[in-house]
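Okay, so here's the structure we're looking at.
Just so it is clear, none of the values below were taken in a lab; they were calculated from the coordinates. Keep in mind that what you see is a predicted model, and the values were worked out from it rather than measured. Please note: Cβ atoms are built from the backbone with ideal geometry, for glycine as well, and neighbour counts cover all protein chains shown.
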Amino acid sequence: MNNFKKLCVHTITTKPWSIEVAMDKYVEAGISGITVWRQWLEGHDISKVGDQLRERNLEIVSTCRGGFFPAKTQPEIDTAIEDNKLAVREAAELGAPMVVLVCGAVPGQPLPDSRKQIADGIAACLPLAEELNVKLAIEPLHPMYADDRSAINTMAQANDVCDHLDHPLVGIAADVYHIWWDPDLETQIKLTGEKDRLFAFHICDWMTPTTDLLNDRGLMGEGCIDIPSIRKMVEASGFKGFNEVEIFSNRWWERDQDEFLAAIKTAYLNNS
Ligand code: ZN
């Protein structure tokens, strides 16, 4: 039995590796899925990268990331929508079924205004997403990012946007790092299952103390998140997708990435 058939790694997790190195290393390690961050596609023939991943039997789980819809001026809003349409086209070219959205926020702009711009921005991308059959996954971000990274901070808010748009291609990426603290978590995960909109599940850990708000995520088991319990909720809701390891960590990026990948596999088996 392959213990890693539901294990996916994000290219940003092994940031020092190029897409070419990452795909060979992941296959060699027996990892089954890959989520490709868009920076890894820059300067590449995207459809060729897709072919290379398929030749290696690496399942392309998603691309990261679109979003950042809110802005203070109409030209900036339009630019954001164009970038998201580009993200949808890139996903289709790569053969990825989904784009993950970090929805965005603007310091000083009321969060309800940003949420409206996010919903409108996603709606503006939906015709193209339909044409290319690419799903859009709203990732709620921890409230510490409500200033400039996302006005969508809870599963409930993400569910609200999904309810409002009411479209089968719009769903949610649940990341334990952002939602582990939420007292309403079980109810909201259940709701995403009932509405068939849980599109992705991201794992990592919360370090105590956290030394960097962005780049100090832990390997599963290093921190305080009860990942097995959240995974149980997610699986009880009917989710059958990948466990995607998404770790931004200066500490781990400085280390030997082969050792890191081996540690990810061990942590996945023991702490996820
Ligand atoms: Zn995530």
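Structure data summary
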item: Cβ-based charge dipole, the chain, positive-most Cα from L86, V106, C8; result: C8
item: Anchor K85: lysines whose Cα lies under 24 Å away (excluding residues fewer than 8 positions away in-chain); result: K48, K72, K116, K135
item: Of every Cα-Cα pair in region 84-230, the percent that sits beyond 27 Å; result: 22 percent
item: Cα centroid separation, region 94-114 to region 183-249 (Å); result: 19 Å
item: Label-to-label distance, nm, for residues given as N133 and Q74 (7 Å Cα→Cβ offset); result: 3.7 nm
item: Gyration tensor over alpha-carbon atoms, region 7-271, equivalent ellipsoid semi-axes in Å; result: 26, 22, 18
item: Sequence-separation-based contact order of the chain, relative, with Cα cut under 8 Å and 6+ spacing, percent; result: 18 percent
item: Within region 78-92: backbone nitrogen closer than 16 Å to the D51 label point (7 Å, Cα to C-beta); result: none
item: Separation in nanometres of the label points that stand 7 Å from Cα toward Cβ, at H167 and N270; result: 4.4 nm
item: Mean projected area (nm²) of the alpha-carbon convex hull when region 174-247 is viewed from all directions; result: 4.6 nm²
item: Dipole in debye (nearest 20) - region 30-125, about Cα centre, beta carbon charges: Lys, Arg +1; Asp, Glu -1; result: 240 debye
